[in-house]
Amino acid sequence: MNTAHKITTQDKYFLTVEITDYFGVRTEQLELFVDIGTKPTVGHYIDLFLRHYDLEVELKNIAPAMEFKILHPKPQGIRVLKAIRLSRDWTYKPITKL
């Protein structure tokens, strides 16, 4: 049995999301972790929305902001998610030694 674990360090990003639901529009800030040396992609956003909101989404529009459509919306749930802003957290220092 191989007990060696691969230590991966990650960069931290803040994603500002505009959420349009049945009752109105609001914004939230989510944390997105990406392996060092890579940039966040649409796949990272889709995985983040699936984990955080438990929603399956697909990319609807790219400009002026990435807009994601909900595949199976609930009757009074979220309708649209827009990725407005992505910024890197330069103060984040991952633990690399235990």
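Taken about its Cα centre, segment 56-96 carries a charge dipole of about 120 debye when Lys and Arg each add +1 at the Cβ and Asp and Glu each add -1 at the Cβ.
Quick one: dipole size for segment 1-91, taken about the Cα centre, charges +1 on Lys/Arg Cβ and -1 on Asp/Glu Cβ, in debye to the nearest 20. Mind dumping the intermediate values first?
Details: 12 positive and 12 negative charges, 23 e Å.
The calculation lands at about 120 debye.
Rounded to the nearest 10 degrees, what's the angle between the helix 42-53 long axis and the longest principal axis of the chain, both from Cα atoms, 0 to 90? The angle comes out near 80 degrees.
Is it possible to state the helix-based mean residue ellipticity at 222 nm for the chain, with each DSSP H run of 4+ residues giving -39500 (n - 2.57), the sum divided by total residues, to the nearest 500 deg cm²/dmol? What is it? It lands at -4000 deg cm²/dmol. Amide H neighbours of Glu56 under 5 Å, counting only residues 5+ apart in sequence or on other chains, H built in-plane at 1.01 Å? So Glu56 has HN proximity to Leu71, His72. Remark: relative contact order (the chain) = 34 percent; criterion is Cα-Cα distance under 8 angstrom and separation of 6 or more residues. Per residue, the accessible area of the chain comes to 73 Å², computed with a 1.4 Å probe over protein heavy atoms only. Structure note, pairs Lys12/Lys74; Lys39/Lys74; Lys39/Lys82: Cα-Cα distances above 28 angstrom occur for Lys12/Lys74; Lys39/Lys74. Look at the dipole of the chain built from charges on Cβ: of Pro40, Pro75, His52, the Cα furthest out on the positive end belongs to Pro40.
One-quarter of the Cα convex hull surface for the chain, in nm²? Could you put the intermediate results ahead of the total?
Values: hull surface 34.9 nm².
About 8.7 nm², averaged over all directions.
The values are calculated or read from the model by the stated rules, or taken from the named source; none is laboratory data. On a predicted model such as this, the values are computed, not experimentally measured, just so you know. Note: ideal-geometry Cβ built from the backbone for every residue, glycine included; neighbour counts use all protein chains shown. When the accessible area is computed, the model is the full protein with side chains, heavy atoms only, and any ligands, DNA or RNA have been set aside. Shrake-Rupley method; radii C 1.70, N 1.55, O 1.52, S 1.80 Å.
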